[in-house]
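Asks: The structure under discussion is supplied below as structure tokens; questions concerning it will follow.
The values are calculated or read from the model by the stated rules, or taken from the named source; none is laboratory data. Keep in mind that what you see is a predicted model, and the values were worked out from it rather than measured. Cβ: placed from backbone, ideal geometry, glycine included. Neighbour counts: every protein chain shown. For the accessible areas, the whole protein counts, side chains as well, though only heavy atoms, and no ligand, DNA or RNA atoms are used. Shrake-Rupley method; radii C 1.70, N 1.55, O 1.52, S 1.80 Å.
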Amino acid sequence: MAPGDVTAQSFSSRKVCLGRAREHLANRAYNAARNTLERGLHQWPDLEFHHEFQTVLGHIAFRQGRFREARGLLNRATGDPDCHVEARFLLGRALLESWRVEQAIVILESILHDEEGLVPYRVHAGGALSVAYSALGLNKSSQDALEEAAAFGLISAQLLADEGFRLMRVGAYPEAEVQLAKGLQVDSTCEDAFFRLCNTLYIQGKT
């Protein structure tokens with residue numbers, strides 16, 4: 001590795017290592033994030049048993065489409081009573097992407113309806129729950145979950161992307177196109193909004 005590569009450096013603490021990995025994750029530098037965590041393991045071999053390490057590595061695996069790996073890591077993380085709601089949410093998303101929809105619904109429902117939970121996770125759990133119900137053809141439940149999530153008043157590209165998915169499932173492609181475009185205006189890096197908009201345009205013959 002080049003001398004200036006942050007992944008080649010040792011870290012002053014576990015917190016710094018995990019924080020650096022999260023920075024790479026936020027920048028979609030997934031290999032660099034993995035390398036950072038591997039470097040941390042050289043310094044602290046027991047780090048792999050910590051729920052936050054498992055959550056971050058599970059998130060990386062999820063973003064890379066390695067859903068089996070993500071499920072395994074996030075299952076281990078959620079087995080710790082001190083784990084953050086982030087791990088539960090990501091496990092729900094990983095199950096959903098793996099088409100284990102019923103299992104995903106149980107987790108996402110519990111997050112959405114946790115009155116003491118953090119609002120951003122409740123909002124995004126509602127959006128993911130809407131996608132899960134849409135995948136099962138339960139359009140009323142899908143709309144209800146989305147409305148419950150939207151009631152928090154948090155504008156989110158992901159929530160708009162999930163609304164776009166629901167509209168696509170009921171064949172409302174022009175309306176889906178509008179919502180997905182709005183999502184990209186909020187956050188141009190939202191992958192779900194981007195790919196769903198591409199699909200919506202393709203279906204409408206807007207090649």
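Asks: Filter segment 3-15 for residues that are open to solvent by 60 Å² or more (accessible area, probe 1.4 Å) and either among the aliphatic types (A, V, I, L, M) or outside any helix (DSSP H, G or I) (or both); which is modelled with the highest pLDDT?
Replies: The residue in question is S12.
Asks: Q103 - would you say it is in a helix (DSSP H, G or I) and more than 20 Å from A135 (Cα to Cα)?
Replies: It is false that Q103 is in a helix (DSSP H, G or I) and more than 20 Å from A135 (Cα to Cα).
Asks: To continue, here is another question. From the list R93, R63, which residue is within 18 Å of E191 (Cβ to Cβ), open to solvent by less than 70 Å² (accessible area, probe 1.4 Å) and of a type in the set (K, R)?
Replies: Just a single option satisfies the conditions, and that option is R93.
Asks: Hey, any hits in segment 156-172 for a residue that's over 19 Å from Y133 (Cβ atoms), surrounded by fewer than 16 Cβ atoms within 10 Å (Cβ to Cβ) and of a type outside the set (S, T, N, Q)?
Replies: So far as segment 156-172 goes, no, none of its residues is over 19 Å from Y133 (Cβ atoms), surrounded by fewer than 16 Cβ atoms within 10 Å (Cβ to Cβ) and of a type outside the set (S, T, N, Q).
Asks: Scan segment 109-123 and tell me whether some residue there is over 18 Å from the mean Cα position of the chain (by Cα), surrounded by 14 or more Cβ atoms within 10 Å (Cβ to Cβ) and not in a helix (DSSP H, G or I).
Replies: Within segment 109-123 (the criterion being over 18 Å from the mean Cα position of the chain (by Cα), surrounded by 14 or more Cβ atoms within 10 Å (Cβ to Cβ) and not in a helix (DSSP H, G or I)), the answer is yes, since at least one residue qualifies.
Asks: To continue, here is another question. Consider F49 carefully, then state whether it is without any contact (Cβ under 8 Å) to a residue 24 or more places away in the chain, more than 26 Å from S188 (Cα to Cα) and not hydroxyl-bearing (S, T, Y).
Replies: yes
Asks: Kindly provide the set of residues from segment 136-150 that are outside any helix (DSSP H, G or I) and either open to solvent by less than 70 Å² (accessible area, probe 1.4 Å) or in contact (Cβ under 8 Å) with a residue 40 or more places away in the chain (or both), ordered by number.
Replies: Residue satisfying the conditions is G137 alone.
Asks: Do the conditions hold for A176, that is, is it farther than 19 Å from A87 by Cβ, part of a helix (DSSP H, G or I), of a type outside the set (S, T, N, Q) and open to solvent by less than 30 Å² (accessible area, probe 1.4 Å)?
Replies: Against the criterion (farther than 19 Å from A87 by Cβ, part of a helix (DSSP H, G or I), of a type outside the set (S, T, N, Q) and open to solvent by less than 30 Å² (accessible area, probe 1.4 Å)), A176 qualifies.
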